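Accompanying notes for the structure given below.
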Amino acid sequence: MSTLPSLPDVPSTDPSRSVLDAFRIAIAKKIADALPQLTVEQVYTGVDYGKKGVDFTVALPRFRLPGKVDEHARQVIDHFQADDYVESVTHDKAFLHFMCRTPSLLRSVLTQVHKLTYDMPSGKPEYGTNDSGKGKKVIIEYSSPNIAKNFHVGHLRSTIIGAFLANIYRACGWETVSMNYLGDWGTQFGLIAVGYEKYGSDEELKKDAIKHLFNVYVQINKDAENDTSVKEAAAAWFKRMEDGDEEALKNWRVWRELSVRKYAEEYERLNVYFDVYTGESQVGKEWQDFAIKRLNEMSLIEEADGALLVNLEKWKMGKAVLRKKDGTSIYLTRDIGGAVERYEKHKFDKMIYVISSQQDLHVAQFFKILKLMDFPWADRLEHVNYGLVQGMSTRKGTVVFLEQIIKEAGSVMHEQMRKNEEKYAAVEDPENTSLEVGIAGIKIQDMAAKRINNYTFAWDRMTSFEGDTGPYLQYAHVRLNSLTRKNPELLPLPPPEEIKAELLTEKGAREIVFLLGSYPDVVKVALKTHEPSGVVTYLFRLAHAISSAWETVIIKGEPDVEKARARMWMYICARDTLGAAMRLLSIRPMERM
C-alpha cells in the first residue's frame, strides 16, 4: 500500500485491515472534489458494491442535492482523472459506476491477506478480523441443554449459532465468555431422584450419564401418570434440594458432573468450547431473594393464590410468575438473579442470550423486568433468536441425543465417500474425515438461511458435494490445499513485493481477488447483524469463483514461472480466506479428503 497516494482519514474505516476501504475513500474524494457541497465522509457512506462487472456504485439522489442528477453526474465525469486507485467512471441514469485500477487492486488485496495471515507478530489473527471490540467484554449464553432430558435440535441450533457468535466477537477483539447455562435444577430432578432409587444403576450412569438419566426420567414419568404420589414425592424431594439438604443433593452433584463431562466430549467433536459451564442450580439464592426484595420495594409484585407475579399487561406481555405458591423458584426468577450475579461478577459491556423464537415472550418479560428494576446495564442485554428445524430425525426414527446426531452425520458421509473407491483408498483417516465433512454438512445447512427462518433438514443435502453444501466447501478447501502439494517447485514463494501480481490478467483471477478484498466487510456486517448466513453466502461465492477459474487460471503446465507464482500466491490467499471464514462458522477446514 505504501506506493499508493495518501488519502484523507474517514472515521470508522481501516484501510490497514480492509483494503477496499482505501478504494472507497478514493472514489468518495473524487466525487467530493467535483461536488464541493459534499464532504468525503458524506460521499463515503454512499459508495456501495456494484453489480454485474462493476466494482463500486454511487446513487447520486441519496445526497439530496439541489438541481438535476444528470448535471451532478456530468460534473463528476468532467472532473474525473484516473489514478492508481480508480481507473474509470461511467454514468447510468441516477448512478455512477466506478472501476478500480486492476494492478493496484490485485497487489494491495493479496499483500494484505498475506500480511494479516502470516506476518502478525502476536497470535496470527486471521484475515478479515478487526479489533473493533478491544477493551470490551461480552458474555454469550448458548446451547443450554437440560441434563437428563434429550438434547434436541433446538439445542443444536443454539450451539451452532452461539459458537459462531463467540468466534466472531473474539475475532473482533472482544473479551468473550462462552457460557453454557444448563437446565440442571427444577422439579424434574426431584422426579429423577425418586426414579433413581427405583430404576437407577451406577454402572449405567458411569457408561453414559445423559442417556441413563434420560431413561430413568422416562420410566418414572410413566409411573407418575398413574400414581399421583410419585409427583408429590418428587416435589418434596426438590424442596429438600432447594433447602440445601445435603443428603438430597449428593446424587444430583454426581449426575451433574458426569453429564457435563459427557457434553464436553461431544461439543469437542463439534469444535465448540465453553469457558463456563453454569446452570440454574448455580444462581445464588441470595441473588434471587435480592431480586424479589427489590421488586417488592418498587411495588412491582402482585400476589395471586400465594404465588408472586409481575404484571406486564401494560406492555402486552401478560403476567410473569416469579415464585410458585409452594415457595419454590421458577426459571424466570433464576434468570433475573443470574443476570444480576453475572453483571456483579463480570461487569460486561454486552450479554447475548441465544434462545429460540418460541421463547420470545419469556425473554421479553425477563428483559422488561430488569429494566423496571432500574439496572443501568439492562439495555446491554440482547436476545439472538432462531426458528425451528423440521424433519431432523435419524433414518431409523427420531434423533434424541447429540451423540446420535454426530454419529449419523459421520456414517451417512462415510457411505457417500465409499462410492468413490479410488479416492476413498487415498484418505488417511476415513472415519474422522467423514465425521468432519458430515458435521460441516449439518452446520452449513443450519446457517445457510437467515436464522429466524424455520427450515427443513435433509440428510441428502448434508452429503452432497454439488451445489451449496458443507461438503462442497470442504472439497473447495482441500482442492486449494492440494495445489501446494502438486507444485512443490514453486515453493517457498518469494516475498510479496517480488511477486508480479499484475500477471493475473484473467477475469476469473480479478473476481477472486475482489472477493478476497470484500471479506473484512462480510465480517463487519455479521458482527452487527449476528447473522451467520452472510458468511455462508460469501463462502459459496468465493468457492464458485475459484471453481470457475480452475480451468483457465492454471498452475500445472503454465510455462511462465512468474505467472505460475502469481497464481499460486492468489490461490494460497484464497485458501486462507476460505479457511478463516469456515473457522468463524466453527467448521474445521480439511487438508485432504
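The values are calculated or read from the model by the stated rules, or taken from the named source; none is laboratory data. No experiment lies behind these values; they were computed from the predicted model shown. Glycine gets a Cβ as well: all are built from the backbone with ideal geometry, and neighbour counts include every protein chain shown.
For the stretch 54-77: of the residues being part of a helix (DSSP H, G or I) and of a type in the set (A, V, I, L, M), which is farthest from ARG107 (Cα to Cα)?
VAL69
Please work out if SER88 is more than 37 Å from the chain's Cα centre (by Cα), of a type in the set (S, T, N, Q) and surrounded by fewer than 20 Cβ atoms within 10 Å (Cβ to Cβ).
So SER88 fits the description; yes.
Suppose the filter is surrounded by 19 or more Cβ atoms within 10 Å (Cβ to Cβ) and under 28 Å from ASN385 (Cα atoms); does LYS443 pass it?
Criteria met by LYS443.
So which residues in the stretch 419-438 are of a type in the set (S, T, N, Q) and modelled with pLDDT under 90, if there are any at all?
Within the stretch 419-438, just ASN420 meets the criteria.
Tally the residues that are polar (S, T, N, Q) and either buried (at least 20 other Cβ atoms within 10 Å of the Cβ) or touching a Leu at 6+ places or on another chain (Cβ under 6 Å) (or both), restricting the search to the stretch 124-157.
Within the stretch 124-157, residues that are polar (S, T, N, Q) and either buried (at least 20 other Cβ atoms within 10 Å of the Cβ) or touching a Leu at 6+ places or on another chain (Cβ under 6 Å) (or both) number 4.
Residue-by-condition table, conditions (1) of a type outside the set (Gly, Ala, Ser); (2) outside any helix (DSSP H, G or I):
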residue	(1), (2)
LEU322	yes, yes
ARG334	yes, no
GLU344	yes, no
TYR353	yes, yes
ALA364	no, no
ASP374	yes, yes
GLU382	yes, yes
TYR386	yes, yes
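For the stretch 480-492: of the residues being assigned to a helix (DSSP H, G or I) and touching a residue at least 40 places away in the same chain (Cβ under 8 Å), which is farthest from HIS155 (Cα to Cα)?
LEU490
Determine whether LYS51 is surrounded by fewer than 20 Cβ atoms within 10 Å (Cβ to Cβ) and either at negative phi or outside any loop (DSSP other than H, G, I, E, B) (or both).
Against the criterion (surrounded by fewer than 20 Cβ atoms within 10 Å (Cβ to Cβ) and either at negative phi or outside any loop (DSSP other than H, G, I, E, B) (or both)), LYS51 qualifies.
Just to verify a result, which residue in the stretch 176-228, among those that are more than 32 Å from the chain's Cα centre (by Cα) and not in a helix (DSSP H, G or I), is farthest from SER132 (Cα to Cα)?
ASP227
Counting just the residues of the stretch 499-548 that are of a type in the set (Gly, Ala, Ser) and under 20 Å from the mean Cα position of the chain (by Cα), which one comes out surrounded by the most Cβ atoms within 10 Å (Cβ to Cβ)?
Of everything passing the filter in the stretch 499-548, ALA526 is surrounded by the most Cβ atoms within 10 Å (Cβ to Cβ).
In the stretch 33-64, which residue that is small (Gly, Ala, Ser) and touching a helix residue (DSSP H, G or I) at 6+ places or on another chain (Cβ under 7 Å) is farthest from SER12 (Cα to Cα)?
For the stretch 33-64, the residue satisfying everything is ALA34.
Can you confirm whether the stretch 376-388 contains a residue that is at pLDDT 95 or above, more than 26 Å from the chain's Cα centre (by Cα) and either surrounded by fewer than 19 Cβ atoms within 10 Å (Cβ to Cβ) or on the phi < 0 side of the Ramachandran plot (or both)?
yes
Within the stretch 555-588, how many residues turn out to be touching a Lys or Arg at 6+ places or on another chain (Cβ under 9 Å), hydrophobic (A, V, I, L, M, F, W, C) and either in a helix (DSSP H, G or I) or free of Cβ contacts under 8 Å to residues at least 60 places away in the same chain (or both)?
3
Is at least one residue of the stretch 78-88 touching a residue at least 60 places away in the same chain (Cβ under 8 Å), under 20 Å from ARG17 (Cα atoms) and assigned to a loop (DSSP other than H, G, I, E, B)?
yes
Let me spell it out: the conditions are (1) closer than 27 Å to VAL522 by Cβ; (2) surrounded by 14 or more Cβ atoms within 10 Å (Cβ to Cβ); (3) out of contact with any Lys or Arg (no Cβ under 8 Å at 6 or more places or on another chain), and THR57 meets all of them except one. Which number is the exception?
The one condition THR57 does not meet is (3).
Give the residue, chosen from GLU266, GLU242, that is surrounded by 13 or more Cβ atoms within 10 Å (Cβ to Cβ), modelled with pLDDT under 90 and more than 30 Å from LEU372 (Cα to Cα).
Going through GLU266, GLU242 in turn, just one is surrounded by 13 or more Cβ atoms within 10 Å (Cβ to Cβ), modelled with pLDDT under 90 and more than 30 Å from LEU372 (Cα to Cα): GLU266.
Could you tell me whether any residue of the stretch 185-204 is small (Gly, Ala, Ser), at pLDDT below 90 and more than 11 Å from ALA148 (Cα to Cα)?
Yes: one or more hits.
Just one of GLU297, GLU257, GLU268, GLU247 is under 29 Å from GLN390 (Cβ atoms), out of contact with any strand residue (DSSP E or B) (no Cβ under 8 Å at 6 or more places or on another chain) and without any contact (Cβ under 8 Å) to a residue 12 or more places away in the chain; which is it?
GLU268
Take the residues in the stretch 450-467 that are outside any loop (DSSP other than H, G, I, E, B) and not β-branched (Val, Ile, Thr); name whichever of them is modelled with the highest pLDDT.
TYR455
Just to be sure I understand the filter: pairs with C-beta atoms under 8 Å, separated by 6 or more residues or on different chains, first member in the stretch 363-380 and within 16 Å of LYS350 (Cα to Cα), second member hydroxyl-bearing (Ser, Thr, Tyr). Which pairs pass?
Here the result reads VAL363/TYR353; PHE375/TYR343; TRP377/TYR343, each pair linking the stretch 363-380 to a residue that is hydroxyl-bearing (Ser, Thr, Tyr).
Give the number of residues within the stretch 5-37 that are part of a loop (DSSP other than H, G, I, E, B) and surrounded by fewer than 18 Cβ atoms within 10 Å (Cβ to Cβ).
10
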